[in-house]
Amino acid sequence: MTEANNDELKKLIESNARAMQALGDYLTETRRQSEREMAQLRETVADMARNQANALANLNSSVAHISNSVAHISNSVAHLAENQGETRTEMYRLIDRLDSRQAEITNILKLLVEKTVGSQS
């Protein structure tokens, strides 16, 4: 009987050893799979971070270009306003000169009329 018990105990120990070995193998494979998945997750997160950084850099670059364009437009508008002011000033100066010449021509015509009327009398 003790020999039967010993055989059964041996079988039970061997069965437990196989079960423990299978469990160890399973845990090892599960750990490896988890490590692979974690490496993939890290790679995915790194890719996302790079993509976000690139998108942010592109956005900042676009904002800088837009800011430069707005500055150029503002400068152009300022120059246009300045040129309009100068043109308006020059136009009024020319109008004043024309008015002065017209007054001179009118005076000359009056003198001619007076001289003509005076010489006819």
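Quick notes on this structure:
- For the range 1-48, the set of residues classified as acidic (D, E) and loosely packed, with under 10 Cβ neighbours inside 10 Å consists of E3 only.
- Within this structure, E114 passes the test of being assigned to a helix (DSSP H, G or I), modelled with pLDDT under 95 and not aliphatic (A, V, I, L, M).
The values are calculated or read from the model by the stated rules, or taken from the named source; none is laboratory data. Just so it is clear, the structure is predicted and the values come from calculations on it, not from any experiment. With ideal geometry, Cβ positions are generated from the backbone for all residues, glycine too; neighbour counts draw on all protein chains shown.
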